[in-house]
Amino acid sequence: MIQANQISKSFGNRRVLRKLDLSLQGGEVVALVGLNGAGKTTLIRTLCGLNKPDSGSVTLDGLSLSKTGAGLRQKFGVVLHATMLYHNLTCRENLEFYSRLYDLPSKNERIPELLNLMDLNERSQDIVGTLSRGMQQRLSVARALLHDPTFLLFDEVFSGLDQRFLSRIIDLIKKQATANKGILFSTHDLEKVFSAATRVDILNKGQIAFSGYVNELTPQTLLAKYDELTNGASLNQGLLG
Amino acid sequence: MGLLSIKVYWGDEMKFLKATWAILCKDLLTEKRTFVTMGSMLVFALIVILIFMFAFDLAVGLRKEAASGIIWVTLCFAGTLSLDRTMALERDAEGIDGLRLAPFDHTVVFVAKVLTNWVYLLIIAVIVLAAYALFGNVMLFNGGFFAIILLGTFGYILIGILVATLNMQIKSHGPLLSVLLFPLLIPLLLAAVNASSLVLNGGDPAGLRTWVNVLIGYDLLFLAAGILLYDKILDE
Amino acid sequence: MIKKAPKTLLVMDALAALGLISALVLVFFFTPVEQTMGMVQKVFYFHVAATWTGMLGFLLAMVASVAYLKTKKLDWDSAAVAGTEIGMVFVLIGIITGSIWAKPIWNTWWTWDPRLTTTFIMELIYAAYFVLRANLTEIRQRARLASIYAIVGFTTVPLTFLSIRIFRSIHPVVIGDSSSSGMFAMSSSMLFTFIYSLVVFSLFFVVVFWHRYLLENNQRNLTTIIMEED
């Protein structure tokens, strides 16, 4: 279980997270919802250790992320807005590199498996720089899954993907949850909340302002709650799923 | 966390080496495909040598004496290209986050980058030597000189990667690398130039020993500094 | 937590001011005019004091940088900034007074003397430190990277000094008359004034450092308070 305890984070003048608490367990799928600039990316980065909180702590199965050795990072698979892919190498080469980095043999079965899942077989020998944004995003997901991480953190993973892959990713998420992995994804789209998540957390003003189980909510009640918290700003963002 | 993690890894040295090897291969593969680093270093180095030769239109007798200084200055400047490029590689793909997420002490990145860039610089050094020898019609191939080049370039790359990684995190990272790096290179430069000069032109062997000691000291110091501090540069 | 200067500091401010004035008085009225060098020798009292205390500033900055990396308390970063800044200014005073002294004695504004050259390089390193800081906006990242640079920078200084010294011993440069090496015998009044100046400058340094440290802390805390109000 990942546990964030009272984490605060500021960047220069801006206070992004304020004494935030959040937990993610194996088998859970948490949808992180919030306005643009609310801090979803910062929160995700802090959960996997890319950013360190100014105060508070993040623990994984009781071990402090900042104090324990780097080996703990093996348990995370992260997809961010930046793809973390090398543009001068091919898809396959990128995956081979990341395999080696995570101590897997560079020619392992996960690579063709994941390329297949993300429908990138045809382009596997193509240089990443020549791929479209959507394809790069898919490859990034493949990269994140390579080492079979226990926790998946997806930051706006659905953006830029067409319908076919949206449902494929949702299926992927559900399957991972069944395999007792913990998944957290951030999204603007309330529809995704109801198709993929078991729990929804609303990030507002630096804290988890609301947390509810999806099976106890309806799109309307969620939207109402969201509006209430953000003072109707959601309407301007076209959040209606 | 650098030192502590290194302790843990003595049991995991294979993994550490594997990860270093992975990064090394990736960098070399990229270089093989694009030839950007070596290409630009080569052109730049040759132009600089040429400029020096014109600017200091030296009498034949002086060319061997001046060789040491000219060659080392050229290498210092050309080296900045590879330093900048090697970190830019990570920055372009924001691959640096990919490396930061990997389950390793970031010293892995340090070791891999030092090795690749040292190789690039050595190759350029050999070409520069040959070019100078050719243009200036002087004999420069000398075992001792090669040894000094090995020591000097190693020290350069060690501190260069440290500073380049610091620099990479700044938004306007390009021009600052030289500003941050060069004042730190003075002892290295002095030692390398003087030792090379003594080796090429003959001179006091005790002096040579002293300079070589300075070089070795510098290399060891920044090897230690790199291993201890590098992790902190990339960790938040 | 915008802190005002504590009473102790204010008292020290007054003492330092008095000290500097009295040191000046001593230099001009109490000490004799040196035989060979004349009036210009009086620069010596402040030259040495400024340079030594300036170096102290850099050492302080190095220690503070290490402390920051270990404890992550931003107060140490403020100390590093204050130490470096004050150090740079004091050392600059040292270099300028040194030049003023050198011109009539050695007939040159500059020499490649190892100490002087190393000092100049140090100033460059610390100027680079500020350039680095100026280009980083995020507080913790700036503190972390600047600390590392300060540590690496300071580490090169002994080696720089050593290598220039070796360089100079192999390439001795004759600068003017060998008898005018810059040394002179000190009478007891000179010695007293010298030590007095040293003490006064150290006090002056501490006072300015402390103010700068408070200023840096206050600036940072002010932005935090503004953030809290959101």
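Hey, got the dipole for chain C? About the Cα centre, +1 on K and R Cβ, -1 on D and E Cβ, debye to the nearest 20?
340
Report the calculated FRET efficiency for B:W21 and B:A133 (r = Cβ-Cβ distance, R0 = 41 Å), to the nearest 0.05.
0.70
Among the lysines, select those whose C-alpha is under 20 Å from the C-alpha of A:K225, and discard any that sit fewer than 8 residues away in the same chain.
A:K40, A:K192, A:K205
For chain C, modelled as a GNM with alpha-carbon contacts under 10 angstrom, which of C:T36, C:T155, C:T84 fluctuates the most?
Evaluated over chain C, the most mobile residue of the options is C:T36.
Identify, among C:A64, C:S189, C:M39, the residue whose Cα sits farthest towards the positive end of the charge dipole of chain C, taking +1 on the Cβ of Lys and Arg and -1 on the Cβ of Asp and Glu, with the dipole about the Cα centre.
C:A64
For chain B, what is the mean residue ellipticity at 222 nm derived from helices alone (per DSSP H run of n ≥ 4: -39500 (n - 2.57); sum divided by total residues; nearest 500 deg cm²/dmol)?
-30000 deg cm²/dmol
Leaving out same-chain residues fewer than 8 places away, which lysines sit with a Cα under 16 Å from that of B:K18?
Partners within reach: A:K107, B:K26, B:K113.
Considering the zone a paramagnetic label at A:N5 would reach in this model (a point 7 Å from Cα along the Cα-to-Cβ line), which residues of the stretch A:48-62 have amide N under 12 Å from it?
A:56-62
Would you work out which of B:I186, B:F141, B:M41 lies farthest towards the positive end of the dipole of the stretch B:34-234? Charges go on Cβ: Lys and Arg +1, Asp and Glu -1.
B:F141
Give the order of C:F29, C:F120, B:F52, C:F205 when sorted by the count of other beta carbons within 10 angstrom, beginning with the fewest.
The fewest-first ordering by Cβ neighbours comes to C:F29, C:F120, B:F52, C:F205.
With 10 angstrom as the radius, rank C:V11, B:V114, C:V27, C:V131 by how many other C-beta atoms surround their C-beta, starting from the fewest.
So the residues, fewest neighbours to most, are C:V11, C:V131, C:V27, B:V114.
Based on the Cβ-Cβ distance of C:L124 and A:D227, what FRET efficiency does E = 1/(1 + (r/R0)^6) give at R0 = 51 Å, to the nearest 0.05?
0.35
So for the protein assembly as shown: antiparallel DSSP bridges make up what percent, rounded to the nearest 5?
Here the share of antiparallel DSSP bridges comes out near 55 percent.
For A:S10, C:S163, what's the fewest-to-most ordering of other Cβ within 10 Å of each Cβ?
A:S10, C:S163
Tell me the label-point distance for the pair A:D61, B:I47, using the 7 Å Cα-to-Cβ offset, in nm and rounded to one decimal.
5.5
What's the Cα-based Rg to Rh of the protein assembly as shown, Rh via Kirkwood?
1.05
For the stretch B:34-234, what number results from the quotient of the Cα radius of gyration and 2.2 N^0.38 Å?
Expressed relative to 2.2 N^0.38 Å, the Cα Rg reads 1.05.
Please report, in debye to the nearest 20, how large the charge dipole of the protein assembly as shown is about its Cα centre when each Lys and Arg carries +1 at its beta carbon and each Asp and Glu carries -1 there.
It works out to roughly 480 debye.
Taking H as built 1.01 Å from N, whose amide H comes closer than 5 Å to the amide H of A:N51, not counting residues under 5 places away?
Close amide H contacts, sequence-distant or interchain: A:T46.
For chain B, which DSSP H helices look membrane-span-like by this rule: Cα extent along the axis of 20 Å or more and mean Kyte-Doolittle of at least 1.6?
Span-like helices here: B:36-55, B:107-136, B:143-168, B:176-201.
Please list the non-local residues whose amide H lies under 5 Å from the amide H of A:F154, H modeled 1.01 Å from N, same-chain partners needing a gap of 5 or more.
A:V79, A:L184, A:F185, A:S186
Pick from C:R168, C:R133, C:R144: which is most flexible by mean-square fluctuation in a GNM of chain C where alpha carbon atoms under 10 Å apart are linked?
Among C:R168, C:R133, C:R144, the largest GNM mean-square fluctuation belongs to C:R168.
With charges set only on the Cβ (+1 for Lys and Arg, -1 for Asp and Glu), what does the dipole of the stretch B:34-234 come to about its Cα centre, in debye to the nearest 20?
Dipole magnitude for the stretch B:34-234 comes out near 140 debye.
Counting each DSSP H run of 4 or more residues in chain C as -39500 (n - 2.57), what helix-only mean residue ellipticity at 222 nm follows after dividing by all residues, to the nearest 500 deg cm²/dmol?
Result for chain C: -27500 deg cm²/dmol, rounded to the nearest 500.
Length gain on complete extension for the stretch A:A179 to A:N215, per 0.36 nm per residue less the alpha carbon to alpha carbon distance?
11.0 nm
For chain C, which DSSP H helices look membrane-span-like by this rule: Cα extent along the axis of 18 Å or more and mean Kyte-Doolittle of at least 1.6?
Span-like helices, by this rule, are C:7-25.
Relative contact order for chain C: what percent, with Cα pairs under 8 Å and sequence separation of 6 or more?
In percent, rounded to a whole number, it is 35.
Given R₀ = 22 Å, FRET efficiency for C:V11-C:F192 by Cβ-Cβ distance, to 0.05?
The computed FRET efficiency comes out at 0.35.
Restricting to Cα pairs below 8 Å that are 6+ residues apart, what does the relative contact order work out to for chain B? Please round to a whole percent.
29 percent.
Under a cut-off of 16 Å between alpha-carbon atoms, report the lysines in cross-link reach of A:K181, not counting same-chain residues fewer than 8 places apart.
A:K75
For the stretch A:40-102, which chymotrypsin sites (Phe, Trp or Tyr not before Pro) pass both filters: DSSP loop (anything but H, G, I, E, B) and at most 10 other C-beta atoms within 10 Å?
Passing both the DSSP loop test and the Cβ count: no residue.
FYI, it's all coordinate maths here, none of it is from the lab. Just so it is clear, the structure is predicted and the values come from calculations on it, not from any experiment. Every residue, glycine as well, gets a Cβ built from its backbone with ideal geometry; the counts of neighbours run over all protein chains shown.
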